[in-house]
Amino acid sequence: MSTASSMDSGESISALRTIARGIELSPELKDGFAGTMAFAVVSTLGRIVVPVAVQQTLDRGVGAGGGPDLAFTGVVAALAAVAVLLTALASYQMTYRLFRSAERGLATLRIKAFRHVHDLPLLTQDTERRGALVSRVTSDVDQVSQFLIFGGIISIVSVGQILIATVLMAVYSWQLTIVVWVCFLPLFASLRFFQQRLSAAYGVVRQQVGVMLSKVSEPVVGAATVRSYAIERRTQDRIDEAIDRYQQASTKAQGLTAFSFSLGGVSAGLANAGVLVIGVLLGVHASSGTMTLGKVLAFAFLVTLFVGPVQVGTQVLTDAQNAIAGWRRVIGILDTPADVVDPGEDGVPLPAGPVAIEFAGVGFAYPGGTPVLHDVDLHVAPDTRLAVVGETGSGKTTLAKLLTRLMDPTSGTVRLDGVDLRRVPFASLRERVVLVPQEGFLFDATLRANARYGRLEAEDADIWRAAEELGLSDWLESLPRGLDTRVGQRGESLSAGERQLVALLRAHLADPDLLVLDEATSAVDPALEMRIGRALERLTKGRTSVTIAHRMSTAEQADEVVVVDRGRVVQRGPHAALVAEGGVYGRLHASWVAQQASLP
Amino acid sequence: MSAARPTQPAHAGTLRDGFRVLGVAIRREPGIFTLSTLGSVLFGALTVADASVLGWSTDHVVQPAFRDGDVRAGGLLTIVALFVAVALLRAVGIVARRLGAGVMQYRMQAHYRRAVTRQYLRLPVSWHQQHPTGQLLSNANSDVEAAWAPIAPLPMAVGTVAMMVIAVSQMLLTDVVLAVVGLLVFPLVIVTNVVYQRLQSPLMTRAQALRAELSEVAHESFDGAMVVKSLGREGEETERFAEKAHRLRDVDVRAGRVRAAFDPVLEALPNLGVLAVLLVGVLRVDHGSTDAGNVVTVAYLLTIVSFPIRSLGWLVGEFPRSVVGFERVQSVLDATGEMTYGERVLSRSSSGARLDVRGVGYSYVGGPPLLRELTFTVAPGRTVAVVGPTASGKSTLTSLLVRLVDPVDGQVLLDGADLRELAAGALADHVALVPQQAFLFDDTVRGNVTLGEDVPDERVWEALRQAQADGFVAALPAGLDSRLGERGTTLSGGQRQRLSLARALVRRPRLLVMDDATSAVDPEVEARILAALRGDGRDDATVLVVAYRKATIALADEVVHLRDGRVVDQGPHAELLERSPGYAELVNAYEHEADDPGDPGDPGDPGGPEAQVRVR
């Protein structure tokens, strides 16, 4: 078994591999890259050419030895203006193209990740982590996009400027170029060190944000509990502590950022001093002609062209840490293997008609957990109405999940109509086998849209017919807006019982040959309760049905009952026979009878 | 997810309000603000000084050295010292500016988060009921963050203004004509910025709204994963998500196009300005109206100041969000109406408390009455079941008994004392509520049971045993020290309810109020819990339990039958069955679900109840 129930955080992937994998997942990022680079080169050159032109004009035009040179100034200024405009055009093209390919690529990544999340067992097993999954397809991707565009622009241009400035400097004096690089080497060498520290510091910040948000939510979400136990003081102390910790972590990270950012300036100061000092020494001591005053001053100017992009570039590296972490998290999702794999075209579709079920030596354990089911052998004839009964934690819900292939067994085989479930294509499986989960989840749309979720092509007439068949048409008619009723978020505008009704209507429209029902447990109005019971009865007619029963009355009405105890099937037969047999079922039944009898 | 709120373009009102909000922060943290601003000014001044150092070095050391062909070590050392000193001071400026801005921002966030959560703890539950949970959470989080976001660029902006004033006056002093030519860049930069904001802000608003919609689709789709999966609708869900993702992409690309067009313009304008200064400058030098040095100085000052103008744009750009966030936070801080308390303290006896409900009526502000003239008494040590159809007022009644809300009419008395006369916190020593939806704190099992009180572990285990929670707690990896909540162990609905019950029992309350508190527990387990509650015998607490199941009703000495917010009848179950036809109908309907447990223990239990208490 894979361990896909834990989400791959991707922490182990290196930055370069993350980027490589990211590009592989979003091929649009490569689209037109050569063109974008060409524009980037023009735009970078422009950023060097313009200041150089300005410098030349000042030196030779305005301040020329024999008075200002009007013609020269005019020509250079005109050329420089053209260069400025060309640079602007190239920058526009570069930025726009980067935006376009990054947004396209990331939309693809988002959609791929979203699709893959639906294949992760985590989604159905660990409801509390859903929020984290949502942020992977939303804010994490946004973070990457910001970085790809602005980080992309700035790092391309900065690296280009650094290279060009280095070449220009080398043209003037290779010795002074070495001096400049030597002054910056400690900065470049310390980058890695600072990146690691920064990454760790921001990791702590993110963690503390989570803690703080959870503590801050306590007096809101738990208002009644906090108030009724009079623990305001303690709650406030816990919140204050979390706020303090977050503040400390943020301040520490900010301090580190500020310090690392200030290093570039120190290097620049050293480089300026170094150029002047070494320049003077070269001029005075080396053979004449190596170094002139003009060369030294021109070089001092070139150093400023070198320093600017270094400062900006190191800043980008800091942001990159966050963005790459986000990218890693999204890739982590996509690289988490799905537990349950669709055989697709190679599979064997299920034949039509009520389904026969077979469990052969089925066992199941959650990754790293103790076995939940052991050696389950079970045959169910087509068109049987089966109830599964057992205490909490006996494994009956697991049985339902294996039957609908929300998970695969750890050992043994589940077969429908003799076909191993793992070989049934999802298209066929989801059409023939439908699970009605415990709480009827509805989407924030109309009742019609929710019913049609069972069969997308269903017309209103089909929905009304289905309602008729389940005995729900008078209920549907009683709703003022009928099929147009908005059900609200998670269906919360309807009562729990009404949500159940919609779920049953949806299942009926889907018209499966095997219906797996996880009985609802929430208390509903008695009148609705009876209606649900009647609808269920009609819904299960003419199909094989397996109900995870939480009520003894459901078991009584089933054709057959299977009793699960501590992960094993311990009893099987019709209700009456099992009562006579005693055992676990006898005990469950007796406890129920006792409860009934305790009332007159 | 907080819905996208409209970010209106920065008009004069927002600008004024934005500065007003900043004023609040500056008054609150004047020291650190001054420090970071000084840092920023230092940085700006030293940026200008860098050029002077170069000039001085050239004039006094480099030029003479080349001229004389000789160099003095002292001169070279001075150059190094000057450059390094300027660089170090500038580094100090950067650290002071950035760290100062950060510290100021985090401090303001912390002040306001503390203040807001204190309000949440002070304001009555009735106030909480009138405000959606999501809104209150975003008031404490994203609104506080938005309110103080402009602090980050603030020192830089102040420093920029200082630098601009210095540079512009220097330019004017150097050569008025050249300065005016150069300063023409400023209005152009400002106009470009304004046009940019106009074009960009509707796109940003749209993108923000689409981001919220995208997130909603993802939330909903993942929430309904069981339905999606079991009906094989992953493809349709992906299409639904893809549609939003593509619309967001298109808006983002359009916004990107605007940005791609304006950024180069904003970068080009100062360069063109410098070229204009050069052209005019060379003419003026030719004319003899100025000298080359002045042209150089004005051109240089212009390059220094024209880029940081944009930092003012960053500051003003944060204003709309900041003002909205601040106002939302302020409305929480301005809310009034906390509960008032008396002085009385009840004596702590070991026996059950006496409960009197006298003529109690309750309604939400402006809503229809939920409870009307409710009167009944529970004698010490008795157990009463409250029975009634949905929306008959049962949960409202329980919240009155623990004084989450006060009745509109009538009074609730404990041992003869009106709850409103009791001192703050005094009621909790005697009464415990176990709500329908258990709320667990981000804490250990022990912390969740004791809630910080000093209770020996044996008593914690005893309470867990009574609540039938000892079994699963013992099986947790760290027992009582296991962490629960978002980053901890996931518990099922039934397990949460049992912990919540243990939390009440460990306090040995004299009145225990249970609001359908065992709905997600197996019937067998529930029977054991009820037996444990009843068979305690040592000090019989008074118990009031909202009951849905016959087994729960069976536990009670008496039943209070509610309908439409009124007591229909009160008496032993058998008597009510006989004399009250409505009651018989109700209870017999329940019989169908008399064995109506959750399936809480299964590790795969889908959708355990949210950790949310709804008092309403």
* Structure fact -> Each residue of B:74-84 has, on average, a number of other protein chain C-beta atoms within 10 Å of its C-beta equal to 4
* To do: Once every Cα of the range B:148-193 carries one equal point scatterer and solvent is ignored, give the base-10 log of I(q)/I(0) from the Debye formula at q = 0.22, 0.32, 0.33 Å⁻¹, two decimals.
  => -0.84, -1.03, -1.04
* If R0 is 60 Å, what FRET efficiency do you get for A:Asp59 and B:His131 from their C-beta distance, rounded to 0.05? -> 0.30
* To do: Go through B:Ala379, B:Val305, B:Val323 and say which Cα lies farthest out towards the positive end of the charge dipole of chain B; charges sit on Cβ, +1 for Lys and Arg, -1 for Asp and Glu.
  => B:Val305
* Hey, could you pull the Cα Rg and Dmax for chain A, both in Å? -> 35.4, 121
* For the range A:357-597, state what percent of all Cα-Cα pairs lands in each successive 5 Å bin, counting from 0 Å until the bin that includes the largest distance. => 1, 6, 13, 17, 18, 16, 13, 9, 5, 2, 0
* Asked: Antiparallel as a % of all DSSP beta bridges within the protein assembly as shown, to the nearest 5?
  -> 50 percent
* Structure fact -> Straight-line reach check, A:Lys252, cutoff 13 Å on alpha carbons, 8 or more apart in-chain or any other chain, hits among aspartates and glutamates -> A:Asp244
* Asked: Stokes-Einstein D for the range A:174-290 at 4 °C, 1.567 mPa s, Kirkwood Rh over Cα pairs, in µm²/s?
  -> 70 µm²/s
* Per residue value of the accessible surface for the range A:357-597 (all protein chains in place, 1.4 Å probe), Å² -> 37 Å²
* Asked: How far is helix B:523-534 tilted, in degrees, relative to the longest principal axis of the Cα atoms in chain B, given as a value from 0 to 90 rounded to the nearest 10?
  -> 80 degrees
* Asked: Relative contact order of chain A: what whole-number percent is it, with Cα pairs under 8 angstrom and at least 6 residues apart?
  -> 15 percent
* Shielding by partners for B:211-223, please: the mean number of other protein chain Cβ atoms within 10 Å of each residue's Cβ. => 6
* Asked: Which of rounded, prolate, oblate describes the range B:375-478, given a ≥ b ≥ c as roots of the alpha-carbon gyration tensor eigenvalues and a/c under 1.5 marking rounded, otherwise prolate only if a/b is larger than b/c?
  -> prolate
* Structure fact -> For the range B:283-394, the Cα-Cα pair-distance distribution in 5 Å bins from 0, as whole percents, is 2, 6, 7, 8, 8, 8, 7, 6, 5, 5, 4, 4, 4, 3, 3, 3, 3, 3, 3, 3, 2, 1
* Asked: Roughly what percent of Cα-Cα pairs across the range A:137-180 reach past 15 Å?
  -> 58 percent
* So, with a 1.4 angstrom probe, what is the percent of accessible area on the protein assembly as shown that is carbon and sulfur? -> 57 percent
* Asked: Where does chain A land at 222 nm, in deg cm²/dmol rounded to the nearest 500, when only DSSP H runs of n ≥ 4 count, each adding -39500 (n - 2.57), divided by all residues?
  -> -21000 deg cm²/dmol
* Using the C-alpha gyration tensor of the protein assembly as shown, what are the square roots of 5 times its eigenvalues, in whole angstrom, with the largest one first? -> 70, 35, 26
* Structure fact -> Taking Rh as the Kirkwood radius computed over alpha-carbon pairs of the range B:176-289 and applying Stokes-Einstein at 10 °C with viscosity 1.306 mPa s, one gets a diffusion coefficient in µm² s⁻¹ of 87 µm²/s
* Over 29 Å between C-alpha atoms is what I'm after, so list which of A:Lys401/A:Lys541; A:Lys215/B:Lys550; A:Lys112/A:Lys396; A:Lys30/A:Lys112 land there. => A:Lys215/B:Lys550; A:Lys112/A:Lys396
* Count the DSSP beta bridges whose two residues both fall in chain A, then state the antiparallel fraction as a percent rounded to the nearest 5. => 50 percent
* Asked: Just how far, in whole angstrom, is the range B:63-80 from the range A:468-544 if you go by their alpha carbon centroids?
  -> 94 Å
* To do: Quick one: Debye curve from the alpha-carbon atoms of chain B only, equal weights, vacuum; give me log10 I(q)/I(0) at q = 0.12 Å⁻¹ to two decimals.
  => -1.26
* Once the whole set of protein chains is in place, how much accessible area is left on A:Ser217, using a 1.4 Å probe, in Å² to the nearest 10? -> 20 Å²
* Structure fact -> By accessible area (1.4 Å), largest first, A:Ile178, A:Ile164, A:Ile357 order as A:Ile178, A:Ile164, A:Ile357
* To do: Evaluate the Kirkwood expression for the hydrodynamic radius of the range B:56-122, namely the inverse of the mean inverse distance over all pairs of different C-alpha atoms, and round to one decimal in Å.
  => 16.0 Å
* Asked: Nearest-5 percent of antiparallel DSSP beta bridges in chain B?
  -> 50 percent
* Per-residue HN-Hα couplings for the range B:230-240 [Karplus 6.51, -1.76, 1.60; θ = phi - 60°; Hz; x = Gly/Pro] -> 6, 9, x, 9, 4, x, 5, 5, 4, 4, 4
* Among A:263-269, A:382-388, A:412-418, B:473-479, what's the highest-first ranking by average C-beta atoms within 10 angstrom per residue? -> A:263-269, A:382-388, A:412-418, B:473-479
* Structure fact -> Here Rg/Rh (Cα, Kirkwood) for the range A:303-428 equals 1.34
* **Helix axis angle, B:309-334 relative to chain B longest principal axis, alpha carbon, degrees** => 20 degrees
* Structure fact -> Length gained if A:Val167 through A:Ala200 is fully extended, taking 0.36 nm per residue and subtracting the Cα-Cα distance, is 8.3 nm
* Structure fact -> Short to long, in 5 Å steps from zero, the percent of alpha-carbon pairs of the range A:114-230 per bin is 2, 8, 8, 11, 13, 12, 10, 8, 7, 6, 5, 4, 3, 1, 1, 0
* Asked: How far is helix B:30-57 tilted, in degrees, relative to the longest principal axis of the Cα atoms in chain B, given as a value from 0 to 90 rounded to the nearest 10?
  -> 20 degrees
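The values are calculated or read from the model by the stated rules, or taken from the named source; none is laboratory data. Because the structure is predicted, anything quoted here is derived from the model rather than measured. No Cβ is skipped: glycine too gets one built from the backbone with ideal geometry, and neighbour counts run over all protein chains shown. Side chains are part of the model used for accessible areas, which takes the heavy atoms of the whole protein and leaves out ligands, DNA and RNA. Shrake-Rupley method; radii C 1.70, N 1.55, O 1.52, S 1.80 Å.
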